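> Sharing a structure below in structure tokens format, with a few things to ask.
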Amino acid sequence: MKNKYHILISGGGTGGHIFPAVSIANALKRRMDCEILFVGAEDRMEMERVPAAGYDIVGLPVAGFNRRNIFKNFAVIAKLAKSIRKAKSIVREFKPDIAIGVGGYASGPTLKVAQSMGVPTLLQEQNSYAGVTNKMLARKADKICVAYDKMERFFPADKIVKTGNPVRMSLLSGNYDKVSARESFGLNPTLPTLLVVGGSLGALTLNESMEKGLKRFADEGIQVIWQTGRSFVARSQAAAKGLRGVVVTPFISDMAAAYTAADLVVSRAGAGSISELELLAKPVILVPSPNVAEDHQTQNALALSTRGAAVLVKDADARESLVDTAINLIKDKNALDEMSANILKLAMKDSDELIADEVVKLLERKK
């Protein structure tokens, strides 16, 4: 391999796109002497998280299409045109040897431009139902790394390789046992503990369900670690006032401790979260977000619930049934053990290294 490769990685918008992208970058850095440049969307979280991970990033003014009000899309189209022009400038100046797309607003124009300029491209599709951007880019992509079976529904079969989704290495460090993890949150190490996570921005349905039923958990002797997102902090603190064994926080910085502390997790059904739960063998109630493209979180959740690896609660039903479901399940040790065993069967280890393998193959083919 040559001395220094230039690698472009594009995508973001949510932690579910950013964490895998950074994991892939880290794996490539371990493999070779390379310069990595990220391309994200302006004003999205990747513009903070990627530099915090030690990588340079350039922002595009790209935005998602408004499906509810088509007249608002004139501005979106103008931003897309500007993003394509900027992406062309980035590709010309950086001269990437390969471009990697992980999904999200920025990956569309960036990878499309790279393909038009003859740059080899690799796509990473995290979900069981492929996103619009990756489907659009698939025909000219050189390799497509996926996490689920039967993805030939969306992509050319000869380009697909099943790698799983990369997760944050810090989650697998094993620095905690259940006792020390619970104590790190100020909780009783002997009581059953529920972890509720709505993703990096929080989730209104999960939050309102917990707000309504929080006292019931305390009455049942069940401890709760509740990650609310920033916008729900005041309401969650009010709901938790006077209750013992309840931790409310807008963001959990040490997710390894939170997962280890939990007997049961309540989560949205983003692909990144599911991959983490699989590797950690955590029993989980999945409440798919209805506010995602092609309802892909429901498809992700069904891939687990139909195998006895998770319990699926519909978003529309959560405010009425989530608390009951969680209380009943966390008391049923046999059910938790069975779910733990089933979800672990679906885990794929070393996904970042498997994707790096495919990148290396494409770089060697280019030589």
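The values are calculated or read from the model by the stated rules, or taken from the named source; none is laboratory data. As the structure is a prediction and not an experimental result, all values here were calculated from the model. Please note: Cβ atoms are built from the backbone with ideal geometry, for glycine as well, and neighbour counts cover all protein chains shown. The protein model used for the area step is the full one, side chains on, heavy atoms only, and it has no ligands, DNA or RNA in it. Shrake-Rupley method; radii C 1.70, N 1.55, O 1.52, S 1.80 Å.
> Quick check on region 23-56: of everything there that is touching a residue at least 60 places away in the same chain (Cβ under 8 Å) and of a type in the set (V, I, T), which residue is surrounded by the most Cβ atoms within 10 Å (Cβ to Cβ)?
Among them, the one singled out is V39.
> Which one is nearest to M45 (Cα to Cα) among residues in region 110-124 that are open to solvent by 10 Å² or more (accessible area, probe 1.4 Å) and either without any contact (Cβ under 8 Å) to a residue 60 or more places away in the chain or in contact with a Leu (Cβ under 6 Å, 6 or more places away or on another chain) (or both)?
So, considering only residues that are open to solvent by 10 Å² or more (accessible area, probe 1.4 Å) and either without any contact (Cβ under 8 Å) to a residue 60 or more places away in the chain or in contact with a Leu (Cβ under 6 Å, 6 or more places away or on another chain) (or both), the one nearest to M45 (Cα to Cα) is K112.
> Follow-up question, since we're still on this one. Output the qualifying pairs, or none if there are none: Cβ atoms under 6 angstrom, residues six or more apart or on different chains, first residue in region 157-169 and closer than 18 Å to L362 by Cβ, second residue among the small types (G, A, S) and open to solvent by 30 Å² or more (accessible area, probe 1.4 Å).
As it stands, the answer is none, since no pair meets every condition given.
> Let me ask something else. Would you mind telling me which numbered condition in (1) closer than 18 Å to V266 by Cα; (2) open to solvent by less than 40 Å² (accessible area, probe 1.4 Å) K314 fails?
All conditions are met except number (2).
> Within region 88-109, how many residues are among the acidic types (D, E) and without any contact (Cβ under 8 Å) to a residue 24 or more places away in the chain?
Of the residues in region 88-109, 1 are among the acidic types (D, E) and without any contact (Cβ under 8 Å) to a residue 24 or more places away in the chain.
> Sticking with this structure for a sec: Counting only residues that are buried (at least 23 other Cβ atoms within 10 Å of the Cβ) and touching a strand residue (DSSP E or B) at 6+ places or on another chain (Cβ under 9 Å), give me the strands (runs of 3 or more DSSP E) lying completely in region 141-242 with at least 2 of them.
Output list reads 143-146, 193-197, 223-227.
> Identify the single condition in (1) touching a Pro at 6+ places or on another chain (Cβ under 7 Å); (2) of a type in the set (A, V, I, L, M); (3) free of Cβ contacts under 8 Å to residues at least 24 places away in the same chain that A234 does not satisfy, given that it satisfies every other one.
So A234 meets the others, but not (1).
> Identify all residues within region 129-140 that are open to solvent by less than 10 Å² (accessible area, probe 1.4 Å) and either of a type in the set (S, T, N, Q) or part of a strand (DSSP E or B) (or both); write none if there are none.
Scanning region 129-140 gives a single hit, N134.
> Would you be able to tell me the number of residues in region 282-302 that are open to solvent by 20 Å² or more (accessible area, probe 1.4 Å) and of a type in the set (G, A, S)?
1
> Is there any pair with a first residue in region 311-323 that is under 21 Å from K282 (Cα atoms) and a second that is open to solvent by 40 Å² or more (accessible area, probe 1.4 Å) and in a loop (DSSP other than H, G, I, E, B) whose Cβ atoms are under 9 Å apart and which are 6 or more apart or on different chains, and what are they?
Close Cβ pairs satisfying both conditions: L312/T306; K314/P290; D315/P290; D315/N291; S321/K314.
> From the list L195, L204, exactly one residue is under 25 Å from Q297 (Cβ atoms) and touching a residue at least 40 places away in the same chain (Cβ under 8 Å). Which is it?
Result of the check over L195, L204: L195.
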